[in-house]
1. Can you find a residue in the stretch 36-46 that is small (Gly, Ala, Ser) and not in a helix (DSSP H, G or I)?
2. Are any of the residues in the stretch 74-90 assigned to a helix (DSSP H, G or I), modelled with pLDDT of 85 or more and not assigned by TED's automatic domain parsing to the domain that holds Glu116?
3. Quick test of your reading of the structure: Pro55 fulfils all but one of (1) at pLDDT 80 or above; (2) assigned by TED's automatic domain parsing to the domain that holds Glu116. Name the failing condition by number.
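The values are calculated or read from the model by the stated rules, or taken from the named source; none is laboratory data. Nothing here was measured: the structure is a model prediction, and the numbers come from that model.
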Amino acid sequence: MVKEIEGLRDQLIAQVDKMVDDLLPPADTFDGVATRLAAMKPSRLLAPLIEDLKPLTDLLAKLDPSTLMQPLIDAIARVKDEVPHRLTGWRPPLTMSLLPSRMVVATARRCRSATEIWRAKHGD
């Protein structure tokens, strides 16, 4: 009886192995997919554009960043210089009265400090 059960088990294993082999595609199918995926690397796809964009790349390399950014740096400096002047005489809006008093006091101190710094710098 044990030999019969073992024989049935071996037949079942053989049938399952055959079924799995029938369900899976041939191994060379995956080789073709892997080859196509390797060809889709960005470096290979974008290689033609590198040559086409070389003049633009060369032009950008010659540009001086300080020349391009200087107007922005100057504008930031002007705003930075004007902020304390603009805050002179600033009073908290009505909505700030709804904030906890510690926040109002801290904000007022910051504004006062900014005003004092501006006055010391500009002699006002």
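1. First, the residues of the stretch 36-46 that are small (Gly, Ala, Ser): 38-39, 43.
This time we only want the ones that are not in a helix (DSSP H, G or I), so: 39.
Yes: the stretch 36-46 contains one or more residues that are small (Gly, Ala, Ser) and not in a helix (DSSP H, G or I).
2. Within the stretch 74-90, none of the residues are assigned to a helix (DSSP H, G or I), modelled with pLDDT of 85 or more and not assigned by TED's automatic domain parsing to the domain that holds Glu116.
3. (2)
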